[in-house]
Amino acid sequence: MPEERCYLCDAIIIRNDQVVRHHGLMMHRQCYEEDIRKGR
């Protein structure tokens, strides 16, 4: 299985991480929420 990486922080996503899929991209929930707060 190829490793999945967070689109925002580029860290490897492991099984226990909370993730968000958005437009086909995989992100840690925490990274996604921080990005939203920054207003991107």
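The values are calculated or read from the model by the stated rules, or taken from the named source; none is laboratory data. Remember, predicted model here, so these are calculated numbers, not experimental data. Quick reminder, even Gly has a Cβ in these numbers, built from the backbone with ideal geometry, and neighbours come from all protein chains shown. For the accessible areas, the whole protein counts, side chains as well, though only heavy atoms, and no ligand, DNA or RNA atoms are used. Shrake-Rupley method; radii C 1.70, N 1.55, O 1.52, S 1.80 Å.
The table below gives the values:
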| read-out | value |
| --- | --- |
| Residues that are under 11 Å from residue 32 (Cα atoms), open to solvent by 90 Å² or more (accessible area, probe 1.4 Å) and within 8 Å of the chain's Cα centre (by Cα), drawn from segment 1-20 | 7 |
| Residues (assigned to a helix (DSSP H, G or I) and open to solvent by 70 Å² or more (accessible area, probe 1.4 Å)) located in segment 21-32 | 29, 30 |
| Selected residue [free of Cβ contacts under 8 Å to residues at least 12 places away in the same chain and not aromatic (Phe, Trp, Tyr)] from 33, 4 | 33 |
